[in-house]
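Enquirer: One structure coming up, written as structure tokens, with questions to follow.
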Amino acid sequence: MQTIRTNPGHPEASSGMALPYPSDDDEPAPSERAAAPVPDHIGEAPRMRVLRLRIAGWDVVATLLLWGSLLIAATMTNWPSRLFGFTANICDEDTCGAVPFGIDYYIHPLVWGGIGAALAAAVLGPFVSMLKGWYMSFWPALAVGVLLVTSVAGSIITAFSQPYWH
């Protein structure tokens, strides 16, 4: 039990107000310490953390529709050859002329990196969004945007490099 005394050195002590100032004899006796109740949570098995997903029905439907349309566009149309048709014009031989800054060496990594980033965004992004509580239907649209930017950048680099190759 703690007693309350006034602190004579404190500025408010002259006001007659009692301030908490523990004394040295407020320490509980060893027998009182042993009789203290043990909290209930000690000794219990750890509780499993519950994962709650916050998803909207329309968002799931939109994501599935966008995934389906991406799969159809990538496999059943000539969309990939239209986007990345410039790769047929790339000079990969040692007989090609030197391009300033060696920029032609970045075409293949740019194309394959863009495709990999788009796949990662389309496949992994919605799962991250489910865990974070974000909307997940924007990830397939972001994947299309990444593919378009990759295609445009690759075709610009190829068009810039072609006069130096021949």
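Enquirer: Which whole-number percent of Cα pairs in the stretch 57-165 have a distance greater than 19 Å?
Expert: 51
Enquirer: Determine, from the Cβ-Cβ distance of residue 52 and residue 76 and an R0 of 41 Å, the FRET efficiency 1/(1 + (r/R0)^6), rounded to the nearest 0.05.
Expert: 0.60
Enquirer: Evaluate the distance, in nm, between pseudo-label points positioned 7 Å from the Cα of residue 132 and of residue 117 along their respective Cα→Cβ axes.
Expert: 1.6
Enquirer: Now a separate question. Could you run the Karplus curve 6.51 cos²θ - 1.76 cosθ + 1.60 with θ = phi - 60° over the stretch 71-79 and give me ³J(HN,Hα) per residue in whole Hz, x for Gly and Pro?
Expert: 5, 5, 5, 7, 10, 10, 10, 9, 4
Enquirer: Follow-up. Could you work out how far apart the two model spin labels at residue 110 and residue 64 are, taking each label as a point 7 Å from the Cα in the direction of the beta carbon, and quote it in nm?
Expert: 3.9
Enquirer: Through the Karplus equation 6.51 cos²θ - 1.76 cosθ + 1.60, θ set to phi - 60°, convert the phi angles of the stretch 140-147 into ³J(HN,Hα) values in whole Hz; use x for Gly and Pro.
Expert: The phi angles translate into x, 5, 5, 4, 5, x, 5, 5 Hz.
Each value in this text was obtained by applying a stated rule to the coordinates, not by laboratory testing. Because the structure is a prediction, the values reported are computed rather than measured. Positions of Cβ are backbone-derived with ideal geometry, glycine not excepted, and every protein chain shown enters the neighbour counts.
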